[in-house]
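Notes to accompany the following structure.
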Amino acid sequence: MQQFTRVIAAAFTVTTLALPALAGAQALPSVTEVFDRHIAAIGGREAIMQLSSVQQKGTMEMAAMGISADVVIAMAKPNKSTMTMSIPGLGEIQQGFNGEVAWGNDPMSGPRISEGAELEARKASANFHESFGIYDTEKFTSIKVLEKTQYGGEEAYKVEMIRKVGPSSMAYFSVASGLFIGSQTTAVTPMGSMEINAVAGDYKPFGAIKMPTKLSQSQAGQDIMITFTDITFDGVKDDAFALPPAIQALVKKP
Amino acid sequence: MLPLATFDTAWSIIARTHWDTTYNGVNWTALRDSLRPRAAAAATQGELRAVLQAMVGSLRQSHFDIIPAEVSDVAVGGAEAVEGSRAGQVGLTTRWSEGLLLVTDVEAGSPAARAGVQAGWTVEQIGADTVAARLARLAGSTDPRRLALSAYRLAEGGLRGAPGTSVTVRFRDGAEQAQVRTLDRAPIGGTEVKYGNLPPQLADLSWERRTIDGRRVGVIRFNIWMPVLGRAFDVAMDSLRDSDGLVIDIRGNFGGVAGMAMGIGGHMVDSAVPVGIMTTRAQSMKFTMNPRRVNTANERVAPFGGPVALVVDALSVSTSEIFAGGLQDLSRVRVFGEQTAGQALPAVAERLPNGDILYHAIADFRGPSGRSMEGDGVIPDEVVRPARAALLRGEDPALDRAAAWAATAPTPGPVTRPRVLP
């Protein structure tokens, strides 16, 4: 809660300084107001802060190419995550971060661990509560509400989020509902920097928390739709984030 | 309305995704205006496909094609005679060389082997089709690589068929005597895999160890870049890791999932260098190889550091060319065989409203030196063509030459930095 307050306070200061003309002309809400509306809309800060883990199961489709996959994503406090995508004809694509080691494994490239700028970016953006809209102030240089615009087919507040380390992004929040509805990010990948446009929607309640069940992404000109059908909280065991044997071997020094 | 919707969709996809906004010099809007009335008037799937083919063909670039729904939608295990899928086969490999359609390989235990067919024989007639004579008439009037591809397709089109059927083939043996064999078609080897909208493909990998003057040379051959073979390649590398040299035979490998080049290439480099760069209209992506430091038993190992020879031919296409050209640029491999197809553009396969598949390139691809493999393909460091006399002696000239080089070549220096790419 205190961390969140620091983020918002710092961001609001920068916004005021950077956009004096727009502030009056468009009557934009503050960053605090934008984030607080989203947090309240999905269940409230208190409920979110009580969460320790989440598991999301669903499907990924690249409909135009006829590719579909089962997806399982798990995240846990403070910054652990893992994802497994099973694609017929291709196999299993896995990624993970255990707080120190960021890794990937797939039948095309084989096992690998992230290093350098890629690792720093993974570390910087790994935060369990960020997934719910509660940000760590220490990780950002500034956060600004830039404008009211159109995104994902609706009116949205565009929020610029500049990280001290790692990929910065634009986040979009629905003017009508207050919910986070998407982002534009430059991801650091082994293939270089990659623009990722995401649209989140179809929020549904899973216990005390509302979560988006549709996530459409555009990467490298390809449209990807992820649909979550099952979301559960606080049931992920710590061994879900254990490094697979091939990654353990990579981490060991020769 | 369906023909028009199909045409408009195909046109729009290319308009939106072609990496070159000049469309390789084609006025894309004018082309739509000229072809659209023909699409609207199309009364059959065949007529519509002809219009669509005219559209994609106007680009004069590889990886633009219309795949009929009845070809793409064959289920894995289907019995239809579809190129690349588990149709019945007779166990022959053929190549056009020296003005002849040569048998270059006979699979052990196959119907062709049981019928006594031998490498070095020529194929003159398949069923009622005097294929060799037809191809001979084309020789000289078209690019030799196109002729090689046409020869392959004609031969495969006649030799493949529903399992349980047979085909009568007239050969000419090493003594120039006519040999007529009726060959049964049977499912042969490999793993059938369907990836997205692409038709089912047969994926096969084999490896062997040769000893040449006391030196150990590992030979790996595979026919397609499909992830289902990734593990098999890893296993082969584990078995051949102690070899003095390595030969990778990708003749007749028509490509597949381009990302595979990063993992396979990673077995041969000790640093994360790109095998090339893919550039779409929106962005560039480096195909960075992943140095493979773990074996299949999850033990730490070093990537293979010895000499590596690649064997290619005119039927080495797409990802095969990306891989061969990229590693050749990095001086990590020596390439043997024949000039590759020159069809090396990253592509995707999208469904159209009529059910057909629009196969279309979405990016340019260039190797570490900045060159494109589209068009010229990969020029071998040592050109070695199939020769009938050698085949009749039981030799495989390109593979034998590559293996001999790999046995004695010095260990190359580390690949640390591409010459052009950042």
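Between B:R385 and A:Q222, what's the calculated FRET efficiency when r is the beta-carbon distance and R0 is 41 Å? Round to 0.05. Numbers along the way, then the final one.
Details: r = 40 Å, r/R0 = 0.97.
It comes to 0.55.
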Item to complete: Within the range B:107-203, report the GluC sites (Glu not before Pro) that DSSP leaves as loop and that have at most 11 other Cβ atoms within 10 Å.
Response: B:E176
Item to complete: Round to the nearest 10 and give me the degree value, 0 to 90, for the angle of helix A:31-42's Cα axis relative to the longest principal axis of chain A.
Response: 60
Worksheet item: In 5 Å bins starting at 0, how do the alpha-carbon pair distances of the range B:199-278 split up by percent?
Response: 3, 14, 24, 24, 19, 11, 4, 1, 0
Worksheet entry | Projected area, mean over directions - the protein assembly as shown, Cα convex hull, nm² | 33.2
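Please list the three semi-axes, largest first and in whole Å, of the ellipsoid equivalent to the range A:61-128, using sqrt of 5 times the eigenvalues of its alpha carbon gyration tensor.
24, 14, 10
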Worksheet item: Across peptide B:283-289, what mean number of C-beta atoms from other chains lies inside 10 Å of a residue's C-beta?
Response: 6
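What average number of partner chain Cβ atoms lie no more than 10 Å from the Cβ of the residues making up A:105-117? Working shown, then result.
Details: counts 2, 6, 12, 13, 15, 15, 6, 10, 1, 0, 1, 1, 0.
Other-chain Cβ atoms within 10 Å of each residue's Cβ, averaged: 6.
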Discussion item. Which residues belonging to the range A:176-212 lose at least 40 Å² of 1.4 Å-probe accessible area when the assembly is complete, relative to their chain isolated?
Written reply: A:M191
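Highest mean first, how do B:255-266, B:62-73 rank when packing is the count of other Cβ atoms within 10 Å averaged over residues? Don't jump to the answer; show the numbers that get you there.
Details: B:255-266: 25.2, B:62-73: 18.6.
Answer by packing, highest mean first, reads B:255-266, B:62-73.
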Worksheet, complete the sentence: Given B:25-34, A:77-86, the highest-first ranking by average Cβ count within 10 Å works out to A:77-86, B:25-34
Worksheet item: When the accessible area of the range B:122-184 is computed with all protein chains present and a 1.4 Å probe, what percentage of it is carbon and sulfur?
Response: 48
Worksheet, complete the sentence: Long-range amide H partners of A:A102, meaning residues 5 or more apart or on another chain whose placed amide H is closer than 5 Å, are A:S114
Discussion item. Taking the solvent-accessible surface of protein heavy atoms with a 1.4 Å probe, what is the per residue accessible area of the protein assembly as shown in Å²?
Written reply: 41
Response to the item:
Among B:Y195, B:G265, B:A302, the residue whose Cα sits farthest towards the positive end of the charge dipole of the range B:155-309, when +1 is placed on the Cβ of each Lys and Arg and -1 on the Cβ of each Asp and Glu, is B:Y195
Fill in: Percentage relative contact order, chain A, counting C-alpha pairs under 8 Å, at least six apart
21
Item to complete: Taking the Cα centre of the range B:344-389 as origin, sum charge times position over the Cβ atoms of Lys and Arg (+1) and Asp and Glu (-1), and report the length of that vector in debye to the nearest 20.
Response: 140
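Counting each pair of different Cα atoms once, what's the Kirkwood radius of the range B:299-422 in Å, rounded to one decimal? Each step should come with its number before you reach the end.
Details: mean 1/r = 0.0612 Å⁻¹.
When all Cα pairs of the range B:299-422 are included, the Kirkwood radius is 16.3 Å.
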Worksheet entry | Nonlocal amide H pairs with A:K210, under 5 Å, H built at 1.01 Å | A:G43
Worksheet, complete the sentence: Counting only protein heavy atoms and leaving out ligands, DNA and RNA, the solvent-accessible surface of B:D381 at a 1.4 Å probe, in Å² to the nearest 10, equals 70
Worksheet item: Over its Cα atoms, what ratio of radius of gyration to 2.2 N^0.38 Å does chain B give?
Response: 1.01
Worksheet entry | Interface B:A - total buried accessible surface [probe 1.4 Å, Å², rounded to 100] | 2400
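How big, on average over all directions, is the shadow cast by the Cα convex hull of the range A:2-251, in nm²?
On the way: hull surface 53.9 nm².
Quarter of the Cα hull surface area: 13.5 nm².
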Discussion item. Charges at C-beta only: +1 for Lys and Arg, -1 for Asp and Glu. How large is the resulting dipole of the range A:113-181 about its Cα centre, in Debye rounded to 20?
Written reply: 120
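The values are calculated or read from the model by the stated rules, or taken from the named source; none is laboratory data. Keep in mind it's a predicted model, so treat the numbers as computed, not measured. Note: ideal-geometry Cβ built from the backbone for every residue, glycine included; neighbour counts use all protein chains shown. For accessibility, only protein heavy atoms count, side chains too; no ligands or nucleic acids. Shrake-Rupley method; radii C 1.70, N 1.55, O 1.52, S 1.80 Å.
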